[in-house]
Structure formats: C-alpha cells, structure tokens
Amino acid sequence: GSQPLIMTHGAPTGPNAAEFSVSPASATIQPGQAGSFTVTFDPAAVGPRSATITFSTNDPAQPTISVCLAGTGT
C-alpha cells in the first residue's frame, strides 16, 4: 500500500505463553519496506511448547494476524 503499516501485539496466549516473549511491542513499516519482530523462547520444561501471538494492524483488509509459536524444551 501507500501508507505506513502499524503493527502492535499483545502478550502471547496459550498453554506455554509465559515461555515466549516478542519484541518490540510495535512497529511502523513504511511502504515498500520490511519489518521484524524477535521471538525469545525460554522453556520451563522438557518437550514441545506452544503459544500464539496476535498482531493488530491499521490495515482494514487484515486487521489482525495470528502467529503460532512452537519450540522444544531440552
């Protein structure tokens, strides 16, 4: 599009949400550019771990985006 995309997210949700964190809390992505978020995983137990992060945007065609997070604690 021709306008900046503004993305924010809340805290991860799901069975192992406390083991995942995402930063930064928000990003403004200019037209024709890319942006990124960093996911940190700190497992509290051995085995598969999962959560979901939901991003809100100012794009009326896609106001929310959910991303499944997964990791394996060792």
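The values are calculated or read from the model by the stated rules, or taken from the named source; none is laboratory data. As the structure is a prediction and not an experimental result, all values here were calculated from the model. For neighbour counting, all protein chains shown are included, and Cβ atoms are generated from backbone atoms with ideal geometry for every residue, glycine included. Side chains included, ligands, DNA and RNA excluded: accessible areas come from the protein's heavy atoms. Shrake-Rupley method; radii C 1.70, N 1.55, O 1.52, S 1.80 Å.
Things to note:
- Scanning the range 12-47 for residues that are without any contact (Cβ under 8 Å) to a residue 24 or more places away in the chain and not β-branched (Val, Ile, Thr) yields Ser21, Ser23, Pro24, Ala25, Ser26, Ala27, Gly32, Gln33, Ala34, Ser36, Asp42.
- Any chance Ala27 is surrounded by 11 or more Cβ atoms within 10 Å (Cβ to Cβ) and not in a strand (DSSP E or B): no
- Candidate set: the range 2-24, residues that are part of a strand (DSSP E or B) and over 21 Å from Ser50 (Cβ atoms); chosen: the one most open to solvent (accessible area, probe 1.4 Å): Ile6
- Test: Pro60 is open to solvent by 80 Å² or more (accessible area, probe 1.4 Å) and either of a type in the set (Ser, Thr, Tyr) or in a strand (DSSP E or B) (or both): no
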